[in-house]
1. Could you check how many residues of segment 9-32 are open to solvent by 10 Å² or more (accessible area, probe 1.4 Å) and over 18 Å from N152 (Cα atoms)?
2. Just for segment 48-105: of the residues that are at positive phi and not in a loop (DSSP other than H, G, I, E, B), which one is surrounded by the most Cβ atoms within 10 Å (Cβ to Cβ)?
3. Among the residues of segment 33-47, write down those that are within 26 Å of Q98 (Cβ to Cβ) and either open to solvent by 30 Å² or more (accessible area, probe 1.4 Å) or among the acidic types (D, E) (or both).
4. Scan segment 166-173 and give yes if some residue there is under 29 Å from L50 (Cα atoms), open to solvent by 20 Å² or more (accessible area, probe 1.4 Å) and touching a His at 6+ places or on another chain (Cβ under 8 Å), otherwise no.
5. Among what's in segment 174-185 and is in contact (Cβ under 8 Å) with a residue 40 or more places away in the chain and open to solvent by 60 Å² or more (accessible area, probe 1.4 Å), pick the residue that is farthest from L25 (Cα to Cα).
6. All but one of (1) among the charged types (D, E, K, R); (2) under 18 Å from G184 (Cα atoms); (3) without any contact (Cβ under 8 Å) to a residue 24 or more places away in the chain hold for K31; which doesn't?
7. Considering N29, N61, which residue is of a type in the set (S, T, N, Q) and out of contact with any Phe, Trp or Tyr (no Cβ under 8 Å at 6 or more places or on another chain)?
Amino acid sequence: TVTSSHQNEPFDVCYGDYPYEQLQLSHFNGKISIFGLSTSWWPTDCTFSLEALMNSLGNDNRIAIFESLDDPGQPYTCTQWGNLGQEGIPVIVEPNYQYQIWEWFSIESYFGMIVILDPNMVYRYYGSDINEIYSTVEEILSETIWIAGDINFDQIINIQDIVLLVNLVLSNEYNGLADMNSDGIINVQDIILLINIILN
């Protein structure tokens, strides 16, 4: 399981559609996280197409996709890399060539791989085999009970979920199961919707 400190590490979003200037893995608690480990000097024809993956999975709000790009400008800038085929998918960069995400998740010593985390931030897959990627995602989707508002995955929506939701709002963190109106933001509107579900 990804540690809390690693989940809360902020990374600058340099390309693509994302509601915040910085991305944290904690934003994807309650979702399946799929992300690429890339570097601007890695051959582009050896890089897995996250855009094709996103298109094949459809617009499923249970799945979050982004890409980690190391060594921007060697030779591709972040924008150039994004325009090579990851259109719209958020691309994050790490300052000062830290390779943090790559060091956290890379089993092999090369780039161009895909990492998959389940909704509980458990590390489930590393590689580039398209069939294994799809089967891993399908396995996680089938084994997870998805109930909007059930933030602690106990299959009951109650006061504990409200407390967790209030903490998410106060800490400005994102959780897919807490985003009751699917607007990409956790705020007081989500608290009101969750309270109404419990009252009803």
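1. 14
2. So in segment 48-105, the residues at positive phi come out as 58, 71, 73, 85, 88, 96-97, 99.
Now restrict to residues that are not in a loop (DSSP other than H, G, I, E, B): 96-97.
Details: N96: 5, Y97: 11.
Going through the qualifying residues, I end up with Y97.
3. Within segment 33-47, W41, W42, P43, T44, C46 qualify.
4. Yes, some residue in segment 166-173 is under 29 Å from L50 (Cα atoms), open to solvent by 20 Å² or more (accessible area, probe 1.4 Å) and touching a His at 6+ places or on another chain (Cβ under 8 Å).
5. S182
6. Result: K31 passes all but (3).
7. Numbers: N29 fails: out of contact with any Phe, Trp or Tyr (no Cβ under 8 Å at 6 or more places or on another chain).
The conditions single out N61.
Table: residues versus (1) charged (D, E, K, R); (2) open to solvent by less than 60 Å² (accessible area, probe 1.4 Å); (3) touching a strand residue (DSSP E or B) at 6+ places or on another chain (Cβ under 8 Å); (4) not in a helix (DSSP H, G or I).
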site	(1), (2), (3), (4)
I107	no, no, yes, yes
I114	no, yes, yes, yes
R124	yes, no, yes, yes
I145	no, no, no, yes
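The values are calculated or read from the model by the stated rules, or taken from the named source; none is laboratory data. Since the structure is predicted, the reported quantities are computational estimates derived from the model, not experimental observations. Methodologically, a virtual Cβ is constructed for each residue, glycine included, from the backbone with ideal geometry; neighbour enumeration extends over all protein chains shown. Ligands, DNA and RNA are excluded from the accessible area calculation, which covers all protein heavy atoms including side chains. Shrake-Rupley method; radii C 1.70, N 1.55, O 1.52, S 1.80 Å.
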